[in-house]
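In what follows, a single structure is set out as structure tokens and then discussed.
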Amino acid sequence: MSRELWDDIKIFSGRLRQEDDVLVVSHHDADGITACAILLDLFSYLEIGADSIITKQLDSKVIAEIKGINKSVVFSDMGSGQLNLIRESGVDYYIIDHHQPLEKDDRQVNPHFYGYDGGRDVSGAGMAYFVAKSLGRDDMAHLALVGAVGDMQDSSGSLHSLNRIILGDAVEQKTVKVKNDLRLFGRQSRPVHLMLTYASDPIIPGLTGNQQACLQFIESLEINPRRDSNSWKSYVDLSLGERKKLISALYMRLLDFNVPEYLIQGMVGEVYTLLKEEKRSELRDSKEYATLMNACGRQENPEIGLAVCLGDRGDKWDEARELLQSHREMLRKGIQYLSKRGVNERAQLYYFNAGGEINERIIGVVAGMAYGAKIIPPNKPILAFALDREDPSMMKVSARANWALVRRGIHLGDAMREGSREFGGEGGGHDIAAGATIPKKKMDSFIEAVNNIFKKQLTGR
């Protein structure tokens, strides 16, 4: 970490330490929930009173609600893109964020001002962790890693840069183990054949979606999918030899079906195991932990995820697992809907309007999964629209891209901010994932405007 960033974090933290009572306002995804938990743990350690609000976005409506609480507000995993709105509100604020900032402010810590990319180098939870660490509390490194994984910052196969510092702390504390292995979702909590059945990153031709074919594939490798007790084995139950055999067979299958090399290479990489969590539970693997947090947020119960992050392994833990099942079912139906409906196309983008058919809280997740399932070709960004349930005159927009598009110049956060502002909306986010809220009647004009923005980003004119 640069000396300048660490020094500024310590100055920022010194001011924050003087507070007696604060309100933490954070985002409702895995990164935001874990960031909120890290800060609440910090304030408990410092004996500073703290309440929290977890919200899907920071807009004028939420700001008005916050203003009425009359406390100093710590914005976590949000705020940098809404700095003017926050200033205008008159609230006493602190911002701990990693999204693209509008401008520098001495009541804000953001990695972008120090040469780091908040979309790859550190998450919102990571920035919260560094603030906590500067004040003597470094017990939550494992949660910061969950936030980074939830923010897809390991999509290249490993975490790096500032995230690597956090990983080193967690390994030293013996809360996380890191090793190279198969990165398919469900390696801890799902039976091996179901891990393959639901694989989407990458799609495994002839196996994804076909449970019986997956069982036959495993058995053809002379791997017994059952334990002695006749219950199903998960991937982590396999011997080292069986894991190598399975990975080699998957590699060969993907090559036989001409799956692009970069997708195959992403299948194996670093996995982060949370050593203090129960084996075969959703909390043992960082990717599954993050998915559980996302499920709580998208199912409108982020406080349940927050309780789990802070140690609840009783009622809230049971409720979180139920929310995960509901979340998976909603995603399944969303993908099914999109598979039948298809997408529309402009010169520089794809788009679809789900209306009220797909919940606004999961529309972005569905769009991202559709890339993996090849429902959406990877050559253009996708804009996904859903009705704003709180205001039927507005539309929620979720934009998704991939790293190949980002490398060519696409920055979704900039496009959402610029495009929504033109039509009286609000937007922002990362280069690879972003969102906005716009008037429903302006949807076609917004699509055209963003199409032109993407053209400028790709061509420089």
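The values are calculated or read from the model by the stated rules, or taken from the named source; none is laboratory data. Keep in mind that what you see is a predicted model, and the values were worked out from it rather than measured. Virtual Cβ from ideal backbone geometry, glycine too; neighbours counted across all protein chains shown.
Mind checking whether some residue in the stretch 160-181 is charged (D, E, K, R), over 16 Å from the mean Cα position of the chain (by Cα) and either modelled with pLDDT under 95 or under 22 Å from residue 24 (Cα atoms) (or both)? Looking for residues that are charged (D, E, K, R), over 16 Å from the mean Cα position of the chain (by Cα) and either modelled with pLDDT under 95 or under 22 Å from residue 24 (Cα atoms) (or both), one finds at least one in the stretch 160-181, hence yes. Looking only at residues of the stretch 338-348 that are buried (at least 16 other Cβ atoms within 10 Å of the Cβ) and among the aliphatic types (A, V, I, L, M), we find that the one that is nearest to residue 450 (Cα to Cα) is 343.
Just to be sure before I move on: is residue 303 in a loop (DSSP other than H, G, I, E, B), within 19 Å of the chain's Cα centre (by Cα) and among the acidic types (Asp, Glu) in the structure I sent? The answer is no for residue 303.
Being buried (at least 20 other Cβ atoms within 10 Å of the Cβ) and under 22 Å from the mean Cα position of the chain (by Cα) is true of residue 286. Tell me, please, whether a residue that is farther than 23 Å from residue 430 by Cα and hydroxyl-bearing (Ser, Thr, Tyr) can be found in the stretch 329-350. Checking the stretch 329-350: at least one residue is farther than 23 Å from residue 430 by Cα and hydroxyl-bearing (Ser, Thr, Tyr). Counting only residues that are of a type in the set (A, V, I, L, M) and part of a strand (DSSP E or B), which one in the stretch 419-442 is modelled with the lowest pLDDT? Per the criteria, the residue is 433. All but one of (1) of a type outside the set (Lys, Arg); (2) surrounded by fewer than 17 Cβ atoms within 10 Å (Cβ to Cβ); (3) free of Cβ contacts under 8 Å to residues at least 24 places away in the same chain; (4) assigned to a loop (DSSP other than H, G, I, E, B) hold for residue 252; state the number of the condition that does not hold. Tallying (1) of a type outside the set (Lys, Arg); (2) surrounded by fewer than 17 Cβ atoms within 10 Å (Cβ to Cβ); (3) free of Cβ contacts under 8 Å to residues at least 24 places away in the same chain; (4) assigned to a loop (DSSP other than H, G, I, E, B), residue 252 fails exactly one: (4). Residues of the stretch 261-290 that are part of a helix (DSSP H, G or I) and modelled with pLDDT under 90: 261, 262, 263, 264, 265.
Of all residues in the stretch 349-395, exactly one satisfies the criterion of being part of a loop (DSSP other than H, G, I, E, B), in contact with a Pro (Cβ under 9 Å, 6 or more places away or on another chain) and buried (at least 22 other Cβ atoms within 10 Å of the Cβ), namely 349. Screening the candidates 361, 407 for the property of being without any contact (Cβ under 8 Å) to a residue 12 or more places away in the chain, under 22 Å from residue 153 (Cβ atoms) and of a type in the set (Lys, Arg) yields one hit, 407.
Conditions tested, residue by residue: (1) in contact with a Lys or Arg (Cβ under 7 Å, 6 or more places away or on another chain); (2) among the basic types (Lys, Arg); (3) under 14 Å from residue 285 (Cα atoms).
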residue: 185; (1), (2), (3): yes, no, yes
residue: 190; (1), (2), (3): no, yes, yes
residue: 200; (1), (2), (3): no, no, no
residue: 211; (1), (2), (3): no, no, no
residue: 219; (1), (2), (3): no, no, no
residue: 224; (1), (2), (3): no, no, no
residue: 232; (1), (2), (3): yes, no, no
residue: 241; (1), (2), (3): no, no, no
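Scanning the stretch 317-349 for residues that are of a type in the set (S, T, N, Q) and over 17 Å from residue 305 (Cβ atoms) yields 336, 339, 344, 348. Can you tell me which residue within the stretch 396-418, out of those that are among the β-branched types (Val, Ile, Thr) and not in a loop (DSSP other than H, G, I, E, B), is surrounded by the fewest Cβ atoms within 10 Å (Cβ to Cβ)? Ranking the candidates gives 406 first.
Checking residue 235 against (1) surrounded by 14 or more Cβ atoms within 10 Å (Cβ to Cβ); (2) farther than 30 Å from residue 172 by Cα; (3) of a type in the set (Phe, Trp, Tyr), which single condition isn't satisfied? Only one criterion in (1) surrounded by 14 or more Cβ atoms within 10 Å (Cβ to Cβ); (2) farther than 30 Å from residue 172 by Cα; (3) of a type in the set (Phe, Trp, Tyr) is unmet by residue 235, namely (2).
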